[in-house]
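Since the structure comes first, as structure tokens, the remarks are kept for the end.
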Amino acid sequence: MGCPVKALVFTAPGQVELLDVPEPDPAPGEALVEVRAAGICGSELHGARRPGFRQPPLIMGHEFAGTGAGGEAVVVNPILSCGRCAECRRGLRHVCREREIIGVHRAGGFAERVAVPASALRPLPPGLPWEAAALIEPAANAVHAWNQAGRALGADGAKGARVAVIGCGAIGLLCAATALSGGAGRVEVTDLSPARLAAAQRLGAEVADPGLSGGYDVVIDAVGSAATRAASVAHQRPGGVAVWLGLAGEEAGFDGNALIRSEKRVLGSFAYRDEEFAQAMARIQDWDLTWAVGYPLDAAAEIFTGLMNGGLDPLKALLRP
Ligand SMILES: [Zn+2]
Ligand SMILES: [Zn+2]
């Protein structure tokens, strides 16, 4: 029996509390991670307000890095898969039919220490700052979205592409950075927040002014409202592609007939393949990440609640136990 650990616990709809919880006890095949940085994800703010997959009591946190039992620096790939279903056998374990996610279906990284399956650990490159390490998971989502577009447009289809990114939260920013480092010719972004647009410009994107102008090869929707989904279809060129990874709402709200007549395409993008997680780790070292802000775990409940209720707006908050 170790001493209790501090953890941010989702205790009831709309409520999180910093609590002392029992020291995690790794089962066979599991490893204990001492968490050094854990990103708060928009999906968690949404999930805490309206519990769906995440049910209280739960320690959330699926974007985190820390040190393993031997003191080695590791990042956690939180996607757990069965290894047996048809998707797993095709190499698409991120859409496994029995998929579970660390921090969603079991305790995650909003704690001083957490036990995770040892198979989820990935060694970190030496010298990578903890803040950047905690952004590998969201960056892997962006790499996957970009690769989804590339697979749809053909071998060199994404090279030189004119790309629009709707929404400059962390995921949108990482999508813009990924497209630029993946060979896009031009990346235009939209958002309501000047601070977010400025962060996108520091990454090399242009602000779409006065708004999206149509004819993009690729439109990435990092918001997921009916309006942004409709815009992603309306502003792609005939035969172009929209990639959806924002999850703000369930409605789609676009003109299906226009999609048919111009052979437009919409692709869902969820999580990442294992190799894309590795690609994200390699790429993140080159990007401006000054828009991510670290906070001590002691401030976690206040930060999470502020973000959830909209009173607080750091672009990306990272907890630093
Ligand atoms: Zn996330
Ligand atoms: Zn499976």
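Along the Cα-to-C-beta direction of Glu23, a point sits 7 Å from the Cα; which residues of the range 52-76 have their amide N less than 19 Å from that point? Inside the label zone: 67-72. Computed on the chain, with alpha-carbon pairs under 8 angstrom and 6+ residues apart, the relative contact order is 19 percent.
The Ala299 and Ala118 beta-carbon pair, evaluated with R₀ = 45 Å, returns a calculated FRET efficiency of approximately 0.90. With a cut-off of 12 Å between beta carbons, the residues surrounding Val21 carry a summed charge of -3, where Lys and Arg count +1 and Asp and Glu -1. Working from label points 7 Å from Cα in the Cα-to-Cβ sense, the Cys85 to Asp156 distance is 3.8 nm.
Taking every full run of DSSP H in the chain, none both stretches at least 18 Å from end to end by Cα along its long axis and averages 1.0 or higher on the Kyte-Doolittle scale.
Rounded to the nearest Hz, the phi-derived 3J(HN,Hα) couplings of the range 210-224 under the Karplus curve 6.51 cos²θ - 1.76 cosθ + 1.60 (θ = phi - 60°) are x, x, 4, 10, x, x, 6, 5, 9, 10, 9, 9, 9, 10, x, where x marks glycine and proline.
Given only helices, namely DSSP H runs of n ≥ 4 each adding -39500 (n - 2.57), what is the per-residue ellipticity at 222 nm of the chain, to the nearest 500 deg cm²/dmol?
-8000 deg cm²/dmol
For the range 86-93, the Karplus equation 6.51 cos²θ - 1.76 cosθ + 1.60, evaluated at θ = phi - 60°, returns couplings of 4, 5, 4, 5, 7, x, 10, 5 Hz by residue, with Gly and Pro reported as x.
Our summary gives the range 181-285 a relative contact order of 20 percent, counting only alpha carbon pairs under 8 angstrom and 6 or more residues apart. For the peptides 278-287, 159-168, the ranking by packing is 159-168, 278-287, with the highest mean count of neighbouring Cβ atoms within 10 Å listed first. In angstrom, the C-alpha Rg and Dmax of the chain are 19.4, 65.
Around the Cα centre of the chain, unit charges on the Cβ atoms of Lys, Arg, Asp and Glu (plus for the first two, minus for the last two) sum to a dipole of about 900 debye. The H on the amide N of Lys316, modeled in the peptide plane, is under 5 Å from the matching H of Val293, each at least 5 residues off or on a different chain.
Every number here is computed from the coordinates shown, using simple stated rules; none is lab data. Keep in mind it's a predicted model, so treat the numbers as computed, not measured. Cβ atoms come from the backbone with ideal geometry, glycine included; neighbour counts cover every protein chain shown.
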